[in-house]
Amino acid sequence: MAAYLFCRTSKICIGNMIQRRKEYGKREPSRDAHKIYIVCEGAGTEPNYFAFFEGLSSNLQVITIPPSDGTDPLKLMALANNVLLDEERKYTVEYEHGDTVWFIVDTDTWEKEGKITPLREFCAEKNATIPIEYDEVKEYDAWNVAQSNPCFEIWQYYHFYEEKPEKDETDKFETFKEYVNSVISGGFNFERDPVRLNEAINNSEKCYTLDKDKKIDLYTTELFILGKEIYSFVNRDLMKLKNKLM
């Protein structure tokens, strides 16, 4: 098994992934490829993670949209409006092809400040208008929120672990990210560890719980829902790549 190489900057990670992908082959998206637009809080961790899946299948195109003006969920909503909905938008969500948009957000203080609920309401409103604006398209969840508590790193954790972490252990670390890097040998490796996608889906879904107010519990993430969507397009290619990497 090759040694872990923990990438600390997005440029290094993406550069190495491009080189690795040349070795394994990268597929250009087909004309009718399913597109997943990922609007995220992080400018490094999330883009590095999802870049792993770009080019695995010609039927899937993963497009990450990092923050441009802060990580506030309401600012991410404004960003999505600018790049996906405005007349001068950079991208077009093609509902007839089943394209989806995912807001990847951490719980942080946003839940207490009431900034995640408006984002969910925005997505529900956009989904409801699809069959109204597009006669040939049935309503589906094109716009989605995947929240992680406390942060995106809990999703990385579930690539390796089947049970929730113990709070008394995580409290020994200044940040949850430091905890995750301590329990994954060498830290999470963006070049190879996303190949464990199916394990992450199964583990995080099994541990998914809500509190009495229907808010996601600590050490819970909704990213398994997005993970299933990605996996449905790359599962065969992912298995082949896994055999080479593991």
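The values are calculated or read from the model by the stated rules, or taken from the named source; none is laboratory data. Treat the numbers as computed from the prediction; the structure is a model and nothing was measured. Here the Cβ positions follow ideal geometry from the backbone for every residue, glycine too, while neighbour counts run over all protein chains shown. What goes into the accessible areas is simple: the full protein's heavy atoms, side chains included, and nothing from ligands, DNA or RNA. Shrake-Rupley method; radii C 1.70, N 1.55, O 1.52, S 1.80 Å.
Of note:
- Using every pair of distinct Cα positions in the stretch 131-177, the Kirkwood expression returns a hydrodynamic radius of 13.9 angstrom.
- Per residue, the chain exposes an accessible area of 51 Å² to a 1.4 Å probe, with every protein chain left in place.
- Charge tally around residue 184: other residues with Cβ under 12 Å, Lys/Arg +1 each, Asp/Glu -1 each, net 0.
- Kirkwood hydrodynamic radius of the stretch 122-246, from the reciprocal of the average inverse Cα-Cα distance over all distinct pairs: 16.3 Å.
- Solvent-accessible surface (1.4 angstrom probe) belonging to residue 65, in square angstrom, nearest 10: 10 Å²
- A crude spin-label estimate for the pair residue 132 and residue 71, with each label 7 Å from Cα along the Cβ direction, gives 3.4 nm.
- DSSP beta bridge pairing in the chain, given as percent antiparallel to the nearest 5: 15 percent
- Other-chain or far-sequence residues with amide H under 5 Å of residue 34's (modelled H): 60, 61
- Considering helices alone, the calculated mean residue ellipticity of the chain at 222 nm is -12000 deg cm²/dmol, with DSSP H runs of length four and up weighted by -39500 (n - 2.57) and normalised per residue.
- Accessible heavy-atom area order of 31, 120, highest first, probe of 1.4 Å: 31, 120
- Which label in [x] 51, 38, 37; [y] 51, 45, 32; [z] 54, 41, 33 gives the computed Cα extents along the principal axes in Å: [y]
- Projected onto their three principal axes, the Cα atoms of the stretch 74-149 cover extents of 40, 25, 16 Å, largest first.
- Counting only heavy atoms of the protein chains and using a 1.4 Å probe, residue 159 has close to 0 Å² of accessible surface.
- Violating pairs (Cα-Cα greater than 20 angstrom) within the set 35/90; 164/215; 35/75; 75/115; 112/214; 35/138: 35/75
- 27 Å tail of the calculated P(r), the stretch 28-161, as % of Cα pairs: 20 percent
- Computed with a 1.4 Å probe on the full set of protein chains, the accessible area for residue 239 sits at about 90 Å².
- Carbon + sulfur, % of accessible area of the stretch 136-246 - ligands and nucleic acids excluded, 1.4 Å: 48 percent
- Long-range tail of P(r) for the stretch 177-240 (Cα pairs > 18 Å, %): 48 percent
- Kyte-Doolittle mean at least -1.0 and Cα axial length at least 18 Å: DSSP H helices in the chain: 10-24, 117-133, 223-245
- The chain, relative contact order in percent, only Cα pairs under 8 angstrom and at least six apart counted: 21 percent
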